[in-house]
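Report on one structure; see the data block that follows.
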Amino acid sequence: MIVRSQRSQFLLSSGTMTAPITPPSDLFDLSGQHAVVTGASSGLGRRFTQVLAAAGAQVLAVARREDLLATLAEENANVTAFTADLSREEDRAATSSRALELFPAVDVLVNNVGISNIVPAEDETVSDFESVLGLNLVSAFSMSQHLGRSMLDHGGSIVNVSSIHGAVSSAPINQASYNASKAGLIGLTRELAGQWGRRGVRVNALAPGYFKSELTAPMWSEPSTLAYLKRNTALARGGEAGELDGALLLLASRAGSYITGTTLFVDGGWTSR
């Protein structure tokens, strides 16, 4: 015999439990959507571009290296390349203008571009610290502002690519400016989500653990580093290609339509320690 309270009966009959089931493939489908990915020429950004394009989106891939972008666009019919140095405000404005010329609207923005500076904090120059924050954090704010203004008219999703080191120290790897910028992205994510949620713009952060990329390439050839990753990750390994795909699509698509202001850690359990 099943006994339900009046409250549970109300919930069951009021709509959410009896709503039609949308096919999962449709939830993650981005056909007809338009996206911008920064830092798209290699590593995670290249993968993010390919994943969004494979889900049906038309993607403007943005980076400094024209040759790598050209190859990416040649390999993907849904991808258009745009060369820009996003450490410069004039290039950020030009990128946003190009996106709004190319597309009727921008539905998804992935702020992925970033650099690191591995040096002890006592030796890092203020100029270098400012440069890292300028590209990693300020450019994300600027791109979000430029494209967010149009998103406020029709809705959209912004995904800021942070890091586990926006939440925990990377020591013994010394990268104060990088960690500060990634922590700043998490704070920026919460604030933009709070300001723009009622106007239909979702803002979330994706925080990867250790995946192969240009920034982390030296780590994968060092036995001591691999042992460090195995020791400190619950799954006892670094991330593999494709293991960020689902998280990105969740945040970018209507599968995540009730998710905003959150940071999604995809780190094999690194931050669960």
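Here are a few things to note about the model shown:
- Multiplying the residue separation of Ser170 and Ala19 by 0.36 nm and subtracting their alpha-carbon distance yields 49.9 nm.
- The packing ranking of peptides 22-33, 177-188, highest mean first, is 177-188, 22-33, where packing means the average number of other beta carbon atoms within 10 angstrom of each residue.
- Cα-Cα pairs of the chain separated by more than 26 Å (percent): 44
- Estimated translational D of region 193-257 in µm²/s (Stokes, Kirkwood radius over Cα pairs; 37 °C; 0.692 mPa s): 232
- Mean residue ellipticity (222 nm) of the chain, computed from DSSP H runs ≥ 4 via -39,500 (n - 2.57), nearest 500: -12500 deg cm²/dmol
- In region 20-117, the alpha-carbon atoms span a convex hull of 110 Å³ per residue.
- Under the simplified labelling scheme, the Glu66-Glu240 pair shows an inter-label distance of 3.9 nm, with each label point 7 Å from Cα along Cα→Cβ.
- Karplus-derived HN-Hα couplings along region 250-267 (A = 6.51, B = -1.76, C = 1.60, θ = phi - 60°), whole Hz, x at Gly and Pro: 4, 6, 8, 9, 6, 4, x, 5, 10, 10, 7, x, 10, 10, 9, 8, 10, 9
- Sorting the segments 230-241, 69-80 by their residues' average number of neighbouring beta-carbon atoms within 10 angstrom, most packed first, yields 69-80, 230-241.
Values in this text are rule-based calculations from the coordinates and carry no lab data. Remember, predicted model here, so these are calculated numbers, not experimental data. No Cβ is skipped: glycine too gets one built from the backbone with ideal geometry, and neighbour counts run over all protein chains shown.
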